[in-house]
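What follows draws every value from the coordinates through simple rules; no lab data is involved. These figures come from a predicted structure and were not determined experimentally. Please note: Cβ atoms are built from the backbone with ideal geometry, for glycine as well, and neighbour counts cover all protein chains shown.
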There are 2 protein chains.
Amino acid sequence: MEKERTLGLINRAVRDLDAYHLAPSETPIKLNQNESPFDWPEEVKEEAARFCRERPWNRYPDFIPKRLHEDLASYAGATPEQILAGNGSNEVLLVLLVSLMNRAAPVIICEPTFAVYRMLITGLGGTVESVLSADDLTFDTAALKNACRNNPGSLLIAASPNSPTGSALSESQVREVLEVHEGFVLLDQAYAEFGGFSAVCLCEAYPNLLVTRTFSKALAGAGLRLGYLVGSPEVVREIRKIKLPYNINFFSEFAASLLSRRRELIRERVRVLCTERDRLYRHLQSLPFDTCYPSEANFILVRTSKCHTLNNFLSREGILVRDVSSYPLLKDCLRISVGTPRHNEILRKKLDEFFSTVK
Amino acid sequence: MEKERTLGLINRAVRDLDAYHLAPSETPIKLNQNESPFDWPEEVKEEAARFCRERPWNRYPDFIPKRLHEDLASYAGATPEQILAGNGSNEVLLVLLVSLMNRAAPVIICEPTFAVYRMLITGLGGTVESVLSADDLTFDTAALKNACRNNPGSLLIAASPNSPTGSALSESQVREVLEVHEGFVLLDQAYAEFGGFSAVCLCEAYPNLLVTRTFSKALAGAGLRLGYLVGSPEVVREIRKIKLPYNINFFSEFAASLLSRRRELIRERVRVLCTERDRLYRHLQSLPFDTCYPSEANFILVRTSKCHTLNNFLSREGILVRDVSSYPLLKDCLRISVGTPRHNEILRKKLDEFFSTVK
């Protein structure tokens, strides 16, 4: 078959996608992906290195990573039957969309938000019902509840705390939505350690609530590609059926177990990052930004008409932040991850320099 | 929402799936998963261990694993633009089904074959057009070409060499199918190193040909969960769009590159396993099996009315093989992976013992 005709056989929903892309960069201060700025201590990495020398590479991982599910359950405050681990919460999201998305009904998402939701929904042939944030970029819960009432049976996906806005749903807001919505509610809580209400405790009472969590943020394991689902045991049992078997490689499985057991260190680092975030926020407020949005996560969203110039300036100075100005409602916005205290100090100085010279 | 109603919201195609399951086992001689019986030498594992100590865990992997794609291309005889790496060929298969499956047309598969094809197709809401093997369990290419003619535009999935039968398509058979079929042809060549015709070289001439390969068999990396797609650059570019970003963890990415460059060792081990397979085949033929099927892979399929008794006997003796008697056409069949020379010798002795005592 010739190429033109062959390409025509690829599902239109996939062909119509833009390629999701980030330019690779060797920039020394990386404040563009909301990673934790802290690597793990040597003794943790050494323990994993030992495992990788001893464990036979030629053998498949466990069919179900039992120990990992136990450790994740213990970390998140759930039971192992409520847990499903995946290669990043992205894989979990894909499996959930395949299982829960009904092509006849739109998927409700709250925009601006993580761009992969819309990409996967449309790529899978679904449609999006977008509920826009309020003017201050907090959740518009009235509009959200309205969308729920108008679309019973729809899947609702909300990130809380949300990226790139930094705003989170409170416990009462989560409960309100759960009381109203007659469909699954997927809360992506990748940033839960940094703020907002952690909804895992509601999974038993609300079987239509699903929560995803990740190792890529507070747990400083973005390189492992490890995320997990928490839900009611009955629902998780169904989702497991479509999940690919043996999907977690032995290294990430072992390493994630290790990390989830180092709770004191995780807590300590979250404390440092929250303090740094609040300090950075006060500093940003002292500068002539149009708006600095309060954040319950490990990043801060700012708006300035000098968005493009500032981004270029920081990049030349070796600081990479994320231009999110093409997102809905986010014209002129940059998202800045909170880095190490030293990196944040350099950032503050460079921002001072920028605003003192650029008029 | 109450649990009953919530479960009703999960797509029926997923609920109707049986849970894919293998009982975990601590059996010392594992001949049930077609893994390579050889682990990697210490110096290879040490190099990966060093990387895992040095590489920051808190940073995301590369958006596109460029070096890995280059190494895979070089190993498979393709260009990097033709390659897409995934978490096992299962993830690649899922992405291909999402991109290429058309719910209006069935997916053609050649059964008996790898059970995950049917599981994913039906779980995604598609239907299966099953082309059964001939009586000797080789491909029935006449029936296959017929199915292609009757279902233009359908996706065709064939494993060659096929598991659990061990039979493979020849070059002329692959070309015949490609000449007839007006849709995508996905050849799962997980066992290509052991026999049959390796079709990667046809991807340029036939843009509707897609080949998947894996690290789980000849490359002795089942623990890494690493598989890859080879196709024409134009088609691979489209498939990349729906692929999850950053999906390969840094360890598997690095380790897979390492392994793919050790071609001499891979070739040597393949030689050993093929010699062992042929030796085992001759031995099996000397025993009172109903049929021993010739194999171009690293396992052998046998049929015996004593299937169940034999399986239990071997299991008690510490040898795990795979009961595939529930697969279409495979009543009373066991699939036996080729192990190390020592394990194969133990197996042969135990088989002799079984057939000399059981009547």
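Summary of computed values
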item	result
A:S305 paired with B:D16, simple spin-label distance in nm, labels 7 Å along Cα-to-beta-carbon	6.0 nm
Fraction of beta bridges assigned by DSSP in the protein assembly as shown that are antiparallel (%, nearest 5)	50 percent
DSSP beta bridges in the stretch A:42-261 [antiparallel fraction, %, rounded to 5]	35 percent
Length-normalised contact order of chain A in % [C-alpha pairs under 8 Å, at least 6 apart]	22 percent
From the C-alpha gyration tensor of chain B, square roots of 5λ in Å	31, 27, 22
For the stretch A:40-60 versus the stretch A:306-321, the gap between their alpha-carbon centres in whole angstrom	39 Å
Average partner coverage of A:42-51, which counts Cβ from other chains inside 10 Å	3
Residue mean of other protein chain beta carbons inside 10 Å, A:223-231	4
Net charge of neighbours whose Cβ lies under 15 Å from the Cβ of A:C274, counting Lys and Arg as +1 and Asp and Glu as -1	+2
Average beta-carbon neighbours from other chains, 10 Å sphere, peptide B:70-77	0
19 Å Cα-Cα reach of A:K349 towards lysines, excluding residues that sit fewer than 8 places from it in its own chain	A:K30, A:K306, A:K359
Convex hull of the stretch A:197-350 built on C-alpha atoms - directionally averaged projected area, nm²	11.8 nm²
Given charges at Cβ of Lys, Arg, Asp, Glu: the stretch B:42-261 dipole, positive-most of B:P161, B:V44, B:F194	B:V44
Positive-pole candidate from B:N102, B:A85, B:N58, dipole of the stretch B:50-107, charges at beta carbon	B:N58
Total charge dipole magnitude, chain B, about the Cα centre, Cβ charges on Lys, Arg, Asp, Glu only, Debye to nearest 20	580 debye
Other copies of B:R175: label-to-label distances in nm, shortest first, labels 7 Å along the beta-carbon direction	7.2
The stretch B:133-292 - percent relative contact order, Cα under 8 Å, separation 6 or more	15 percent
Nonlocal Lys pairs with alpha-carbon distance under 25 Å, the stretch A:42-261 (8 or more apart, or different chains)	6
At 7 Å out from Cα toward Cβ: B:T340 inter-copy label distances (nm, ascending)	4.4
Translational D in µm²/s for the stretch A:163-277 (Stokes-Einstein at 20 °C, 1.002 mPa s, Kirkwood Rh from C-alpha pairs)	137 µm²/s
10 Å-binned pair-distance histogram of the protein assembly as shown (Cα, whole percent)	3, 14, 24, 25, 19, 10, 4, 1, 0, 0
Inter-copy separations for B:A134, label at 7 Å along Cα-Cβ, nm, ascending	7.3
Per residue, the convex hull volume that the Cα atoms of the stretch A:99-203 enclose (Å³)	94 Å³
Gain in span if fully extended, A:L287 to A:R267, counting 0.36 nm per residue against the direct Cα distance	4.2 nm
For chain B, calculated [θ]222 nm from helices alone, where every DSSP H run of n ≥ 4 adds -39500 (n - 2.57)	-12500 deg cm²/dmol
Rg/Rh (Cα only; Kirkwood hydrodynamic radius) as it applies to the stretch A:24-106	1.06
